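**Q** Supplied in structure tokens, the structure appears directly below.
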Amino acid sequence: MSNSSNEELNSIVDKWKDVKGSLVMMLHAVQDKFGYVPRSAAMEISSRAKIPLAKIYEVLTFYHFFKLTAPAKHQIAVCTGTACYLKGSQELIKALETELGVSAGQTTADGRFSVTALRCLGCCVLAPVMTVNGKIHGHVKPADIPSILREISKGEEQNAQ
Amino acid sequence: MPNKISKKQTIPSKNDVNPAQNTEKLAQILQQFEQNYKKIDKRITICGDSGCLAQGSQKVYDAFKTELAKTGIGFCLEITPSCYENSLYLCKSGCQGFCAQGPLVNVEGTLYTKVRAEDVPEIIETTLRQGKPVERLLYVNPKTGKRCGGTKDIPFYQKQTRVLLADCGRLNPEDINEYIANGGYSALQKALNIGPEGVIAEMKASGLRGRGGGGFPTWLKWENTRKQPGGEKYMICNADEGDPGAYMDRSLLEGNPHAVIEGMIIAGLAIGAQKGIFYIRAEYPIAAQRVQKGIDACRKLGLLGENIFNSGFNYELEIRYGAGAFVCGEETALIASLEGSRGMPRPKPPFPSQSGLWGKPSAINNVETLANVPYIISKGGKWFAGFGTEKSPGTKVFAMTGKSKNSGLIEIALGMPVKDIVYEIGGGPLKGDKVKAVQTGGPSGGVISGENMEMPITYESLQQIGSIMGSGGFIVMDETDCMVDIAKFYLDFCVDESCGKCAPCRIGGYQMLQILKRITDGQGEAGDIDRLQTVATAMQKASLCGLGQTAPNPVMSTLRYFRHEYEEHINKKHCPTGRCAKLVGFEIIKTSCVGCGACKRACPAQCISGELRSPHSIDPNKCIKCGQCYAACKFNAVRRG
């Protein structure tokens, strides 16, 4: 971990360590900064806030929201709430699997794409919904997936130029 | 004067606070706001809820800003003393309800639907300059074919009783002054004047029952907590809305955060707490931001902090985040999470009202329950009890989604027949003319089948048919939805969300899911239905918390009304709706196939043949029924059934 991120981590721990029951909030702040909770950060919290590492991992692995690995470059999430499920979110996941070769919960070998199944985004009227790097796409059809992926790659090329 | 609750372990018997004093400040704000607001000529309210934002309402808002600047019409984005005379007020509101028609823009009562940024110049020219409506942006009543000018003409709104939602889609959620000018925080003043016991009496008169799903009388929860000895107590708002397909709480927090905050302060006063905590789902960042902004504004005005209105009442609010665990909706699990641990429930009693957060008496209420509180205190418990039925008084917010024509956030007086909600507010099913079922209560609930459509919606009636009120999910299903598949979907959710502490839920849920998977995969065996019922009964009776006890509900309820579907899956290995992929066959319609080859490329079993640009065909003997071809075809040329 670099010096600057170490400092950021210290300030997070210092802010919360004396507040009763704040482990979940501390982990939220860490994930906010780094995109996930790195093992080194968990160890640092453990030693500075005097919380057993086992307790930290107990909490980290219990809650769906916390991630233990670095996020992919492009994060695709398919909502699998009831409304989206009824309107075909499973078919979107299948189509993504066909195109990218990874199923929900996995990241492509090159680290470019990750596919996640989300619980509910609360945008049920747009069902089925998926998000690409946080941007919401509504009324998605499986046949739209290739063009959405092409769009991402195009954006990537333009950025590279 | 500090709070009079004695440090000794005495049971508070009398009111602990003095009546509100120094209330001139609110009156001043009200007066100032009205003075500023008088200068406003017209108000444009653009829906800024997540649903409309996802459909592009931010672009519409931005377009108004640029286009208005071009035309030279004076406008303001918030109400301040520096607003010009006769200027326009461009306001971003919370959810206006008619989400399926978003982005919604309300210009002085005229509701424009599906507005795009490109439409903005025409709205400015026609409506703002010439005072005429832009006809093409008005909603068309599908029954009469007539265009509707405002919400009062639109069938979706006509049958609703919008109390909470009226302010939610009207006020600027980030402006505490506007909330105050509309009577906000006067309920808090009144609460201080009538004291905690007066508040509880008013809540009792209202008959408000918990809107999170359980339906426990709110006043009783408060009184039980209040009765407990000791000075340290906690008020907790459960905003960890986890029911998939429901978003009432998010919309209320985003659209009218001050109503919930005021409810939290009054609740804290009633139970004798010094601290209140919002437990908000981490997936709802906008809701959390707006609540935080609201708390900060209250603190600045002295509505939070020490000695509120010189009454001796000290109260603070803070936000804590959930982290994506459905079980944390259960009170004791939520408390464990607030204490920084895994969100695992514990046996009750002791109830949270006796021993809650940090072992202190705590009351936990849902967002919608708390949002009702200021209205009840202001207008009186009797007023509230005037809506709904005797045992289920008041209004209830539902998120109507799924296969209805209209979907969105609705509020009805309890006791309304299901069919009125589905066919009049919801406009009937998306396709066909029959709604197969309505699911309420999410993963803990059940279905209302076609035969029960006449039934009025109340806590008791829903329980009678094997469902529950739940937090407000209202999912409309049509003839293409397979009930076995839906039961599997909900059970899969509960198995994934089970915390694993008690065996009935951990093992029972898994076993039920395996049986359902077998049935939908065409491997169902005789006796499976009995096995499902045996395991379900054990889970209902022996699970530690509500999650495990109610997880079998979707299965039991669909079995009760759609047993024949289960039997057809098991005995005939056939899914009548074509939804269960392994129980259907796929066929390419020769006349629709253009021969693009998309299905052939997608097929993992390589059982599709055909030359490019000529119709393809599927070899049924090799087909593994994965449905990839169906998903890949852009021309609807693959038939499933």
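The values are calculated or read from the model by the stated rules, or taken from the named source; none is laboratory data. Please read these numbers as outputs of a predicted model, since none were measured by experiment. Glycine gets a Cβ as well: all are built from the backbone with ideal geometry, and neighbour counts include every protein chain shown.
**Q** What is the one condition in (1) within 30 Å of residue B:437 (Cβ to Cβ); (2) among the aromatic types (Phe, Trp, Tyr); (3) not in a helix (DSSP H, G or I) that residue A:85 does not satisfy?
**A** Residue A:85 satisfies every listed condition except (3).
**Q** Can I ask one more? If a residue has to be in contact (Cβ under 8 Å) with a residue 24 or more places away in the chain, assigned to a strand (DSSP E or B) and over 17 Å from residue A:64 (Cα atoms) to count, how many in the stretch A:91-136 make the cut?
**A** Selection size over the stretch A:91-136: 4.
**Q** Can you tell me which residue is farthest from residue B:275 (Cα to Cα) among those in the stretch B:314-352 that are part of a helix (DSSP H, G or I) and within 7 Å of chain A (Cβ to nearest Cβ)?
**A** This residue is B:337.
**Q** Looking only at strands (runs of 3 or more DSSP E) that fall completely inside the stretch B:422-518, which ones have 2 or more residues that are within 24 Å of residue A:121 (Cβ to Cβ)? It would help to see each step written out before you state the result.
**A** On the way: elements: B:437-440, B:446-449, B:473-477.
The qualifying strands (runs of 3 or more DSSP E) are B:437-440, B:473-477.
**Q** Moving to a separate point now. Looking at (1) modelled with pLDDT of 95 or more; (2) touching a Lys or Arg at 6+ places or on another chain (Cβ under 7 Å); (3) within 14 Å of another protein chain (Cβ to nearest Cβ), which is the one condition that is false for residue B:240?
**A** (1)
**Q** Hey, another quick one. Scanning for something within 14 Å of chain A (Cβ to nearest Cβ), at pLDDT 95 or above and either closer than 22 Å to residue B:158 by Cα or buried (at least 24 other Cβ atoms within 10 Å of the Cβ) (or both), does the stretch B:379-398 turn up at least one residue?
**A** yes
**Q** Let me ask something else. Of everything in the stretch B:428-446, what is at pLDDT below 90 and either in contact with a Phe, Trp or Tyr (Cβ under 9 Å, 6 or more places away or on another chain) or crowded, with 20+ Cβ neighbours inside 10 Å (or both)? Give them in sequence order.
**A** Residues satisfying the conditions do not exist here.
**Q** Please pick out the residue among B:116, B:129 that is under 18 Å from residue B:49 (Cβ atoms), loosely packed, with under 14 Cβ neighbours inside 10 Å, away from every other protein chain (no Cβ under 14 Å) and more than 22 Å from the chain's Cα centre (by Cα).
**A** On inspection, the qualifying residue turns out to be B:116.
**Q** Suppose the filter is modelled with pLDDT of 90 or more, over 35 Å from the mean Cα position of the chain (by Cα) and part of a helix (DSSP H, G or I); does residue B:35 pass it?
**A** yes
**Q** Another question about this same structure. Taking interchain pairs and intrachain pairs at least six residues apart, which have beta carbon atoms under 7 angstrom, with the first residue in the stretch A:1-25 and assigned by TED's automatic domain parsing to the domain that holds residue A:47 and the second assigned to a loop (DSSP other than H, G, I, E, B)?
**A** As it stands, the answer is A:16/A:22; A:21/B:339; A:21/B:340; A:22/B:340; A:23/A:51; A:23/B:340; A:24/B:323; A:24/B:340, since those pairs meet every condition given.
**Q** Follow-up question, since we're still on this one. Quick one: in the stretch B:564-597, which of the residues that are in contact with a strand residue (DSSP E or B) (Cβ under 6 Å, 6 or more places away or on another chain) and of a type in the set (A, V, I, L, M) is surrounded by the most Cβ atoms within 10 Å (Cβ to Cβ)?
**A** This residue is B:588.
**Q** Continuing with the same structure: Say we look at the stretch A:53-111 and pick out the residues that are of a type in the set (Phe, Trp, Tyr) and within 22 Å of residue A:133 (Cβ to Cβ); which of these is nearest to the other protein chains (Cβ to nearest Cβ)?
**A** Ranking the candidates gives A:65 first.
**Q** Would you check which residues across the stretch A:30-44 are hydrophobic (A, V, I, L, M, F, W, C) and closer than 18 Å to residue A:63 by Cα and list them?
**A** First, pick out the residues of the stretch A:30-44 that are hydrophobic (A, V, I, L, M, F, W, C): A:30, A:34, A:37, A:41-43.
Scanning the stretch A:30-44 gives A:30, A:34, A:37, A:41, A:42.
**Q** When you scan the stretch B:47-103, how many residues do you find that are away from every other protein chain (no Cβ under 14 Å) and part of a strand (DSSP E or B)?
**A** Count: 9.
**Q** Out of the stretch B:596-641, which residues are more than 10 Å from chain A (Cβ to nearest Cβ), outside any loop (DSSP other than H, G, I, E, B) and out of contact with any Cys (no Cβ under 7 Å at 6 or more places or on another chain)?
**A** Correct list: B:600, B:609, B:617, B:639, B:640.
**Q** Are any residues in the stretch B:130-163 part of a helix (DSSP H, G or I) and in contact with a Ser or Thr (Cβ under 7 Å, 6 or more places away or on another chain), and if so, which ones?
**A** Answer for the stretch B:130-163, where residues must be part of a helix (DSSP H, G or I) and in contact with a Ser or Thr (Cβ under 7 Å, 6 or more places away or on another chain): B:137, B:157.
**Q** Moving on. When the residues of the stretch A:112-161 are filtered to those that are more than 30 Å from residue B:281 (Cα to Cα) and within 14 Å of chain B (Cβ to nearest Cβ), which remaining residue is surrounded by the fewest Cβ atoms within 10 Å (Cβ to Cβ)?
**A** A:147
**Q** Of the residues B:602, B:538, B:637, which single one is within 30 Å of residue B:502 (Cβ to Cβ) and without any contact (Cβ under 8 Å) to a residue 60 or more places away in the chain?
**A** B:538
**Q** Is it the case, given these coordinates, that residue B:483 is surrounded by 24 or more Cβ atoms within 10 Å (Cβ to Cβ) and out of contact with any His (no Cβ under 8 Å at 6 or more places or on another chain)?
**A** Working: surrounded by 24 or more Cβ atoms within 10 Å (Cβ to Cβ): yes; out of contact with any His (no Cβ under 8 Å at 6 or more places or on another chain): yes.
Spelling it out, residue B:483 is indeed surrounded by 24 or more Cβ atoms within 10 Å (Cβ to Cβ) and out of contact with any His (no Cβ under 8 Å at 6 or more places or on another chain).
**Q** Restricting to the stretch B:606-619, what's the tally of residues that are of a type outside the set (Val, Ile, Thr), without any contact (Cβ under 8 Å) to a residue 24 or more places away in the chain and closer than 21 Å to residue A:146 by Cβ? Let's see the steps before the verdict.
**A** So in the stretch B:606-619, the residues of a type outside the set (Val, Ile, Thr) come out as B:606-607, B:609-617, B:619.
Right, trim to without any contact (Cβ under 8 Å) to a residue 24 or more places away in the chain and you get B:606-607, B:609-614, B:619.
From the residues that got through so far, the ones that are closer than 21 Å to residue A:146 by Cβ too are B:606, B:610, B:612-613.
Matching residues across the stretch B:606-619 total 4.
**Q** Provide a single number: the residues in the stretch B:243-275 that are under 19 Å from the mean Cα position of the chain (by Cα) and either within 14 Å of chain A (Cβ to nearest Cβ) or among the small types (Gly, Ala, Ser) (or both).
**A** Total meeting the criteria: 15.
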